[in-house]
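Since every read-out is calculated from the coordinates, none of them should be taken as a lab result. Since this is a predicted model, take the numbers as computed values, not measurements. Here Cβ is always computed from backbone atoms with ideal geometry, including for glycine, and neighbour counts include all displayed protein chains.
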Amino acid sequence: MYCGECGTKNNKDALYCSECGKKLVQKENKQPMSKKKKFILITILIIVIALVIGYNIINSMCSAEKVATSYVEALINNDADKLYDTLNIDKNNKFTSKESFEKIYKEKYQTDVEVSNYTLTNIEYTDNNLKAEVEFKIIYNDSNEDTITIDLVKNSKNKFLIFDNWNISNNDNYLLVDNYTIKVAKNAKVSVNDIELDSSYLNKDESNDDIDVYVIDQIFQGKAEIKTSVWGIETTKEVNISSYNDTYTLDFDINSIPEENKTKLEEQIKNDINNLYKNIIDKKTWNDVEKNYIYNEEKLEELKEEYNDLYEKLTDEDRVLKSYNITDTSINDISIDEGKLKIRIRITYNYEIEYTNSRNEVKTTNKTRSSYITVKYGYYDNNFKLNEVNNLVTYFPN
């Protein structure tokens, strides 16, 4: 060991220099690092660097600027799949699924306008950085320019627990309708775009003995096909769902009812009205026929009143109805009224009337006439039953 003061060589175990007496400093004999330790340290260093880089990349991808830019790029490229990923919606909802969005997007939002370039020009954060407005300048192939603003909202749930979760604001893009309401007759089956509404959509507080009210929490705006099946009548109607048209009430459209159903109803009305007149021609009072018009112990006071009025006017001894027969029918309108099926129908009928003329001669006349009547039917045991009838003909001219 050499003295650090005078340079004299000393024994390796000496504590002081034999020449100058200076205290000798023992040098620590360091062992070289093993390859395994070197590998572990390098690996840890690489992982730390990768995590830092990864964090910065993901953080950048989750920023409001990146989400808005991705949205604009998707708009420019008509990329419905990418647009859907930016939306702040319940993606487990059947009515806001990716499949539903792609259908609506093609019908309503897809465009053929070509863009040559775009630039992010400004970003402004509001509401304690919970909202953002990102402004872009769009340059089209024809050199025209436009400015669009993308509104975003920060989701309360972070991505991967630590990253901001920005989504496109639904309200500002007019994509969704909240609480879309459908009102139908009691126990009707309803489907929207072939998705059946089960009891989970039923609003029991708003429903009553005659009407069922269904509510869809969120649904995309645009055209939708609503199918209903009530009392054996199936209807299909196309509606335009929007924030201004957020309620659908089942009101039968005559053009939406299958011909088979209309024909069946027309035949039943023909038979029921013919039967009413036949009973009166046979001089049957309401007491004689009432048992045929009691369903589920429901007494039909309106039908009773109409029948008695008809009976009184058609059993005059000076003018007697001898025969009555409906030959043709045509439904003019169908609706639901107080839980009943209400039908306005044009009928063509033949009749024979026997009357006494001014010379006290008994004469008979046969004629054909047309008129409109309104009938109401209840639905009992899978069958329509006549409940009420209005505007029956009580005077048959000679």
If the convex hull of the alpha-carbon atoms of region 283-398 is projected onto planes in all directions, what is the mean projected area in square nanometres? 8.0
Cα long-axis angle, helix 98-108 against the chain (0 to 90 degrees, to the nearest 10): 70
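What longest region of the chain stays clear of chymotrypsin sites (Phe, Trp or Tyr not before Pro) that DSSP places outside H, G, I, E and B and that have at most 14 other Cβ atoms within 10 Å?
Here the longest run is 1-159.
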With an 8 Å cut-off on Cα pairs and a minimum separation of 6 or more residues, tell me the relative contact order of the chain in percent. 9
What is the Cα convex hull volume of region 75-144 when expressed per residue in Å³? 113
Rounded to the nearest 500, what is the 222 nm mean residue ellipticity of the chain from helices alone, with -39500 (n - 2.57) per DSSP H run of 4+ residues and division by all residues? -8000 deg cm²/dmol
With the cut-off at 24 Å, report for region 68-190 the share of all Cα pairs above it, as a whole percent. 38
Relative contact order [Cα under 8 Å, 6+ residues apart], region 64-173, whole percent: 24
Please grab the % of Cα pairs in region 1-127 that end up more than 19 Å from each other. 74
The chain -> Rg/Rh from Cα coords, Kirkwood Rh, value 1.45
Hand me the trypsin sites (Lys or Arg not before Pro) from region 328-398 located in a DSSP loop with no more than 14 other Cβ atoms within 10 Å, in residue order please. 359
Once both label points are put 7 Å beyond Cα along the C-beta direction, the residue 109-residue 246 separation in nm becomes 1.9
Using +1 at the Cβ of each Lys and Arg and -1 at the Cβ of each Asp and Glu in the chain, identify which of 275, 287, 387 lies farthest towards the dipole's positive end. 387
Only four residue types carry charge here, +1 at the Cβ of Lys and Arg and -1 at the Cβ of Asp and Glu. Report the dipole size of the chain about the Cα centre in Debye, rounded to the nearest 20. 2680
Helix 64-76: inclination vs the chain longest Cα principal axis, degrees, rounded to 10, gives 50
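Normalised radius of gyration for region 176-250, please: alpha carbon Rg relative to 2.2 N^0.38 Å, two decimal places.
In units of the 2.2 N^0.38 Å rule of thumb, it is 1.01.
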I'd like the distance separating the alpha-carbon centroids of region 122-175 and region 34-54, in whole Å. 38
Connecting every pair of Cα atoms under 10 Å apart in the chain and solving the GNM, the largest mean-square fluctuation among 128, 59, 261 falls on 128
Using a simple spin-label model with points 7 Å from Cα along the Cα→Cβ vector, what separation in nm is obtained for residue 129 and residue 305? 7.2
